[in-house]
1. Just checking, which of Ile130, Ile141, Ile39, Ile46 is out of contact with any helix residue (DSSP H, G or I) (no Cβ under 7 Å at 6 or more places or on another chain) and either assigned to a strand (DSSP E or B) or among the hydrophobic types (A, V, I, L, M, F, W, C) (or both)?
2. Take the stretch 232-254 and flag every residue that is under 19 Å from the mean Cα position of the chain (by Cα) and either at pLDDT 85 or above or open to solvent by 70 Å² or more (accessible area, probe 1.4 Å) (or both).
3. What is the number of the single condition among (1) more than 30 Å from Ser278 (Cβ to Cβ); (2) open to solvent by less than 50 Å² (accessible area, probe 1.4 Å) that Asp416 does not meet?
4. Suppose the filter is more than 29 Å from the chain's Cα centre (by Cα), modelled with pLDDT under 90 and either more than 27 Å from Val523 (Cα to Cα) or not in a loop (DSSP other than H, G, I, E, B) (or both); does Asp389 pass it?
5. If I filter the stretch 478-498 for residues that are crowded, with 21+ Cβ neighbours inside 10 Å, in a strand (DSSP E or B) and among the acidic types (Asp, Glu), do I get at least one hit?
6. Given (1) polar (S, T, N, Q); (2) within 20 Å of the chain's Cα centre (by Cα); (3) modelled with pLDDT of 85 or more, identify the lone condition not met by Ser278.
7. Name the residues in the stretch 62-102 that are in contact with a helix residue (DSSP H, G or I) (Cβ under 8 Å, 6 or more places away or on another chain), part of a loop (DSSP other than H, G, I, E, B), open to solvent by 20 Å² or more (accessible area, probe 1.4 Å) and over 24 Å from Pro246 (Cα atoms), would you?
8. Look at Val311 and say whether it is modelled with pLDDT of 95 or more and surrounded by 13 or more Cβ atoms within 10 Å (Cβ to Cβ).
Amino acid sequence: MARIRIGEILIKQGLLTDSQLQEAVNLQKQQKGSRLGEILIQVGTIKEEDFAIALGSQLSVPFASHMSGLLKPKHDQGLEKLVSYDFAKKNLVLPLSKNLNSLTCAIFDPLDFFVLDNLKILTGCDLNLIIATKTDLSRAIDEFYVTGREAGEREGGTVLDQALQKSFVEGERTSKVEEKGITADSELSIDRLIAKAGEAPIVKLVDLVIRQAIDERASDIHIEPFKDRVEIRYRIDGVLYQIPPPAAHLHLPIVSRIKILAKMDIAEKRLPQDGAISAKLEDRVVDLRVSTIPTVHGEKAVLRLLDKGAVKLELVNLGYEPKQLEAIRKALKSSYGLFFVTGPTGSGKSTTLYSCLNEVFDPSLNIMTCEDPVEFKLDGINQVAVRTDIGLTFASALRAFLRQDPDIIMVGEVRDLETAQICLRAALTGHLVLSTLHTNDAPSAIARLIDIGVPHYLLTPSLVMIVAQRLARKLCSKCKEPYEANGLVVGGYKVKSDLIYRAKGCDECSHTGYKGRVVVSEVMALNDDIRNLISRSASYNELRDAARRNEMDTLFEAGMKKVENGITSVDEVLAVTTA
């Protein structure tokens, strides 16, 4: 929707003159943060109802008054579960009815796109808007939620949002008490804290936050405390999005509830902690890795969602080019050697390794993994989780593996010389070893291994393949916008396709223009030329040139091929790779 100026609408409707508009604009500059429409109503230039009717007429949004009866939604639709009282009251939004994935709601300001976007994310619905005055909406919201709360109490049951409002009121009475500059909430006894974390509203709220994150395909949930607020953000397709937050005083009970579920020490707030939760969702189980860390305003919690059902652990589904997939499969058929996947945190390295294990899985093979932590549990594969607190490191686990008659070994990450040496020893003694490194591209992995102390003469016979990768967002198939490339050259790469696509945005992709992610990779197979260069300690540039002669596409080139195929955009490739 194009940006529309309220003043122009009212002048066009004959409800305002140019001089009256200028006077209101001057007042708005003095009252920072005030909206022009509210100022016009306050000074009596225009009536509240006339303003709403005029705005609705211009935007083709129906108008409803309190007297019409349209602002009295029925209580048997579960609307109070969909939109909380706190959100409705703060943003002047009232849900009226829901039909399949369509939500009809009354709103004071249909041009407040921030509120509308948050409402879409919160409810997961397409919106049908009705405009109403601020006075009528505020009254209707109170009537709907208060009546619903009383009805719920009479039936002996509560709903999430009603209980949250009750907790909000109680929290306002207690959290203002201060003693030596510390609020009462931070001084709760352990018994009281556990009791609060087990209250129905908190239990339901945490369940709702996790459930919505799973539905939104989020990879992480961030719960962050600040001075006077709590923020909850989801990482979806690699980007963080904020969702409507709970009341600030609920932060401590929410984090405590999460720590209880993750079997963490609820009394310890001074040190970082790690834990895990298993959440059952219909026919699948989603594992959550939980991490907490103390900040100046309280504990921040991050929950990593590991949903095996959301990602098919098969190489063919990850997005490798056919030529790359063929090279990877050939390397995985090696009877021994080192196979590395490199890239920054969050680039899908673990998913690639799991997919490789699925590719080579055979009941006749003994496959063992050493991970920190175990992200996905794979049937038929022996998986060991690192526990440095008791001395179970990558190195110690690997030494034990070599006495367990393994055929294939996966190591979560090579972090130090000791782990690298054991991996090399295993690879040279007849085992296929899969692992990860943190490097920017494939040739850099060789320099990285030499830097940590691995002799180049041991790398020469052991390495079989290095895969470097990034995750690029895929264009939404519903709304991606085509345009002519016209011989476009990006970073020295001439686009071969006449028609490519860019992001636009629609309801299907929450107006981001992207939905899902795909692997962008460079696959460096080791041949005699590259091995000779390694044996004489060749430079990075020499190794890279040799890999290019061996038909390796760089990350950028691989990304641009996905642009030509209409999978992603030029902007996204430039954001995740270097031209």
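1. Details: Ile141 fails: out of contact with any helix residue (DSSP H, G or I) (no Cβ under 7 Å at 6 or more places or on another chain); Ile39 fails: out of contact with any helix residue (DSSP H, G or I) (no Cβ under 7 Å at 6 or more places or on another chain); Ile46 fails: out of contact with any helix residue (DSSP H, G or I) (no Cβ under 7 Å at 6 or more places or on another chain).
Going through Ile130, Ile141, Ile39, Ile46 in turn, just one is out of contact with any helix residue (DSSP H, G or I) (no Cβ under 7 Å at 6 or more places or on another chain) and either assigned to a strand (DSSP E or B) or among the hydrophobic types (A, V, I, L, M, F, W, C) (or both): Ile130.
2. To start, the set of residues in the stretch 232-254 that are under 19 Å from the mean Cα position of the chain (by Cα) comprises 232-246.
The answer is Ile232, Arg233, Tyr234, Arg235, Ile236, Asp237, Gly238, Val239, Leu240, Tyr241, Gln242.
3. For Asp416, the exception is condition (2).
4. yes
5. Filtering the stretch 478-498 for residues crowded, with 21+ Cβ neighbours inside 10 Å gives 480.
Checking which are in a strand (DSSP E or B) leaves us with none.
Within the stretch 478-498, none of the residues are crowded, with 21+ Cβ neighbours inside 10 Å, in a strand (DSSP E or B) and among the acidic types (Asp, Glu).
6. (3)
7. Pro62, Ser65, Lys72
8. Details: modelled with pLDDT of 95 or more: no; surrounded by 13 or more Cβ atoms within 10 Å (Cβ to Cβ): yes.
Criteria not met by Val311.
The values are calculated or read from the model by the stated rules, or taken from the named source; none is laboratory data. Computed from a predicted model, the values in this text were never measured in an experiment. Virtual Cβ from ideal backbone geometry, glycine too; neighbours counted across all protein chains shown. Areas reflect the complete protein model, heavy atoms only, side chains present, ligands, DNA and RNA absent. Shrake-Rupley method; radii C 1.70, N 1.55, O 1.52, S 1.80 Å.
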